[in-house]
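Down below is the structure, laid out as structure tokens.
The numbers here are math on the coordinates, done by the rules we state, and not lab data. Keep in mind that what you see is a predicted model, and the values were worked out from it rather than measured. So basically every Cβ, Gly included, is an ideal-geometry build from the backbone, and we count neighbours across all protein chains shown.
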Amino acid sequence: MAERSEEVKLLGMWASPFSRRVEIALTLKGVPYEFSEQDIANKSPLLLQSNPVHKMIPVLLHNGKPISESLVILEYIDDTWQNNPILPQDPYHRAMARFWARFVDEQIYVTAMKVVGKVGEERDVAVEATRDLLKLLEKELVGKNFLGGERLGFVDIVATLVAFWLMRTEEVVGVKVVPVEMFPEIHRWVENLLDVDVIKKCIPPEDEHLNYIKARMDSLKLKSVQ
Amino acid sequence: MADEVILLSYWPSMFGMRAMIALEEKNIKFDYREQDLFNKSQILIETNPVHKKIPVLIHNGKPICESLIVVEYIDETWPGENQLLPSDPYQRAQAKFWADYIDKKVNGPTRLIWAGKGEEIEAGKKEFIEVLKTLETELGDKTYFGGETFGFVDIAFIGFYSWFDAYEKLASFSIEAECPKVIAWAKRCLKRESVAKSLPDSDKVTKYIPELKKRLGIE
Ligand SMILES: N[C@@H](CCC(=O)N[C@@H](CS)C(=O)NCC(=O)O)C(=O)O
Ligand SMILES: N[C@@H](CCC(=O)N[C@@H](CS)C(=O)NCC(=O)O)C(=O)O
């Protein structure tokens, strides 16, 4: 539990998977925090000053000191509040957790963005490429309730991006990237996630989120037509 | 100690150098196994089935991939001497942030310089200088990125120094003229045995690039 004198503030965006990761971690640890919704189309001086290098959310401000990059923030939270550990204790398992977290951000996220950004044949290629990557995650889940094993852990928090962004986007895009027949383990895992109170509390409400994704995609399309 | 430590690497790789430097800093004996990336060995494919890239550290039969993850693993497994990441959570987060910055920003432009043509080289150079200046600002007047002691961010970046000569020749510029503090820092790092042992000669890298491009089918 956080001490009384501590000030924890999150510069985030309600619909951002990266920002939600940080909320999940803080909630899991029982750390009270202030959430400050940011407008990335019109960046606040506080954001620019707190993350001058990337100018991105999320940024965690702990007693005024800024930390950026969601994976770095998650580790910081785990190092600072040691109850309910997010990462395993053993160095080898820690390394494996970091490996899969990177895989989600550098491979799955990057590839899945192309599904949203492309049309026609290029999109089909991106869908196939995303599925090839997801098959590795599928394999990791065999015999486990969570990517972290018996309990929710680091990789689960990071991979909520797959469960609640990628898999929600597909409803809007109209392409089933993660069909249940092909990915039974991933679907089982999403159900397990939804049984965790912290997750339920920390993911964006579905209807509002779908509307938001739709609006964003429409505006992206408008831009590409011009 | 019955530890068996194997490193799969490739001599010009700055990612491989990271793992070597970390092992040297900790005085860990290891079996170095040079890999042919154009004809990948069974052991590489088996130990890194996801990326099939070096470096891979195999510790008592267990493989660890991704150079920064390897360096952190080494630090956590052999915590005794020469701590590479600071213990203070905030300093630790800063070190991880900068190492991640190097991973995100340095590879793109430097690859344009050695593998690109004409305008690509120019664009790569321009972007690389910007990245170097950001890093130089972060370094400031400190001895190393983390302050007084050599550590994680230094390890993440120093391998690129062995390619500086090649970048300068290919893109006709002087890194020292742009960022003198970065060069002074690199020279300080090279005084450490761990670094001197792990970095190849700049000359050797520069001479190897045409061959590398040929093997990659560019040029
Ligand atoms: N690698 C970053 C990604 C964060 C990110 O992509 N943030 C987006 C919003 S979801 C952002 O702030 N974009 C602002 C911009 O690109 O200008 C992390 O893990 O924190
Ligand atoms: N993110 C990786 C990058 C490693 C990497 O790019 N390795 C290259 C050699 S420099 C490799 O093995 N390439 C083989 C290939 O791409 O097939 C790390 O940090 O370890």
Shielding score for B:103-109, defined as the mean number of other chain Cβ atoms within 10 Å: 1
5 angstrom amide H check on B:V56, placed H, neighbours 5+ away: B:L8
Restricting segment B:116-166 to trypsin sites (Lys or Arg not before Pro) in coil, as DSSP defines it, with at most 14 other Cβ within 10 Å: B:K117, B:K142
How do B:96-109, B:193-206, B:14-27 rank on mean C-beta neighbours within 10 Å, highest first? B:14-27, B:96-109, B:193-206
Beta carbons within 10 angstrom, averaged per residue: use that to sort the peptides B:177-190, B:37-50, highest first. B:177-190, B:37-50
Need one word for the protein assembly as shown: rounded, prolate or oblate. Basis is the Cα gyration tensor (sqrt eigenvalues a ≥ b ≥ c); a/c below 1.5 gives rounded, then a/b vs b/c decides. rounded
Inverting the mean 1/r over all pairs of different Cα atoms, compute the Kirkwood radius of chain A and quote it in Å. 18.4
What are the extents of the Cα atoms of segment A:8-80 along their three principal axes, listed from largest to smallest and rounded to whole Å? 31, 23, 19
At what distance in angstrom do the alpha carbon centres of segment A:130-201 and segment A:31-82 lie from each other? 26
Using only Cα atoms, locate the centre of segment B:126-142 and the centre of segment B:31-63, then give the distance between them in Å, rounded to an integer. 33
Using θ = phi - 60° and the Karplus curve 6.51 cos²θ - 1.76 cosθ + 1.60, what whole-Hz ³J(HN,Hα) does each residue of segment B:149-157 get, with Gly and Pro shown as x? 10, 5, x, 3, 5, 4, 5, 5, 9
Residue by residue through segment B:125-138, the couplings from Karplus 6.51 cos²θ - 1.76 cosθ + 1.60 with θ = phi - 60°, in Hz, x for Gly and Pro, are 4, 4, 5, 4, 4, 4, 5, 4, 5, 4, 5, 5, 4, 5
Could you check the simple spin-label distance between B:K214 and B:E176, using points 7 Å along Cα→Cβ, in nm with one decimal? 3.1
Quick one: which of A:K139/B:K197; A:K114/B:K105; A:K139/A:K200; B:K62/B:K133; B:K29/B:K214 span more than 28 angstrom between C-alpha atoms? A:K139/B:K197; B:K62/B:K133; B:K29/B:K214
Residue by residue through segment A:134-150, which ³J(HN,Hα) values in whole Hz follow from phi under the Karplus form 6.51 cos²θ - 1.76 cosθ + 1.60 (θ = phi - 60°), with glycine and proline marked x? 5, 4, 5, 5, 3, 5, 4, 8, 4, x, 10, 7, 9, 4, x, x, 6
So what is the orientation-averaged projected area of segment B:72-218, using the convex hull of its C-alpha atoms, in nm²? 9.3
Which whole number gives the average, over all residues in B:87-98, of C-beta atoms from other chains lying within 10 Å of the residue C-beta? 6
